[in-house]
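> My structure is below; once you've seen it, I'll send some questions.
Each value in this text was obtained by applying a stated rule to the coordinates, not by laboratory testing. These figures come from a predicted structure and were not determined experimentally. Note that we place each Cβ from the backbone using ideal geometry, even for glycine, and neighbour counts take in every protein chain shown.
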Amino acid sequence: EPEVTQTPSHQVTQMGQEVILRCVPISNHLYFYWYRQILGQKVEFLVSFYNNEISEKSEIFDDQFSVERPDGSNFTLKIRSTKLEDSAMYFCASSEALRRTGDDDTEAFFGQGTRLTVV
Amino acid sequence: LAKTTQPISMDSYEGQEVNITCSHNNIATNDYITWYQQFPSQGPRFIIQGYKTKVTNEVASLFIPADRKSSTLSLPRVSLSDTAVYYCLVAHKAAGNKLTFGGGTRVLVKP
């Protein structure tokens, strides 16, 4: 079964440092997403990306965050100056299509996540 | 945005059928219902999706009544490995297919 892969699995960084979380979405997928989950809390949407631009972002996704698809396979999330409260699991996801009818396949496949710890 | 309400937790035993009901009273015409499963320290995994009536796949069944104000995920003959959090989501026919997760139902399968 195709899968979304994320690296690294665990990242420890000092407050104020920049981090880049990397993801390789499923190869024929067109829509890419980042979510995060603070320990013990809900999975929260951060951003969606299509056709080389952000299609939607949440309030969490402020100026400290950016996403990029630097080549045909990678999708990255950068946090410019990390804060303690950025500590969380970050999940990348991808989907093939945009739902337009009830039959369109829009299942989102999630990666295993990167656990970011800011100290 | 249609809010979903589901039980916080459920216990079951191996071999039993588990039914988790989710209410989504203000679901919109263009919304569809999706269920995800999440194991600890892993990303959510798609289980099933439907718009109305009944949908079945190799993992689960999803029952949606005519008014679509609720849905029931049915897991037949659960095993210990089905212990996980199950999320009911109402997704929008909007750009980006953003998923809004609630607290989910923590299902514990006991031997």
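> Output the pairs from A:78/B:54; A:78/B:110; A:42/B:69; B:52/B:98 with a Cα-Cα distance over 32 Å in this structure; if there are none, say none.
Pairs exceeding 32 Å: A:78/B:54; A:78/B:110.
> Which net charge results for the neighbourhood of residue A:86, defined as the other residues with beta-carbon distances under 13 angstrom from its beta-carbon, given Lys and Arg at +1 and Asp and Glu at -1?
Charge balance in the 13 Å sphere: +1.
> Where is the GNM fluctuation largest for chain B (alpha-carbon springs, 10 angstrom cutoff): B:54, B:69, B:98?
B:98
> Please identify, among B:75, B:89, B:99, the residue showing maximal mean-square fluctuation in a Gaussian network model of chain B using a 10 angstrom Cα cutoff.
Maximum among the listed residues: B:99.
> Compute the distance in nm between two label points, each set 7 Å from the Cα along the Cα-to-Cβ direction, one at residue B:110 and one at residue B:10.
Placing both labels 7 Å beyond Cα along the Cβ direction yields 1.6 nm.
> Can you list the HN-Hα couplings for region B:13-29, worked out from phi with the Karplus curve (6.51, -1.76, 1.60; θ = phi - 60°), rounded to whole Hz and with x for Gly and Pro?
Result, ordered by residue: 10, 3, x, 7, 8, 10, 10, 10, 9, 10, 9, 9, 4, 9, 5, 8, 4 Hz.
> Further question on the same structure: How high is the relative contact order of chain B, in percent, with contacts defined as C-alpha pairs under 8 Å that are six or more residues apart?
35 percent
> Here's something else I'd like to know. Work through the residues other than residue B:35 whose Cβ is under 12 Å from its Cβ and net out their charges, Lys, Arg +1 and Asp, Glu -1.
Once positives and negatives cancel, what remains is 0.
> Taking only Cα atoms and a 10 Å spring cutoff, compute GNM fluctuations for chain B and point out the largest among B:90, B:59, B:78.
The residue with the greatest mean-square fluctuation here is B:59.
> Shifting gears a bit: Quote the charge dipole size of region B:9-110 about the Cα centre in Debye, to the nearest 20; the model charges only the Cβ of Lys and Arg (+1) and of Asp and Glu (-1).
It works out to roughly 280 debye.
> Please list, ordered by chain and number, the residues whose modelled amide H lies under 5 Å from the amide H of residue B:14; skip anything fewer than 5 residues away on the same chain.
The list, which skips near neighbours in sequence, is B:110.
> So, one more: State log₁₀ I(q)/I(0) for chain B at q = 0.12, 0.13, 0.24 Å⁻¹ as given by the Debye formula over alpha-carbon point scatterers of equal weight, solvent excluded.
Ignoring solvent entirely, the Cα scatterers give -0.38, -0.44, -1.44.
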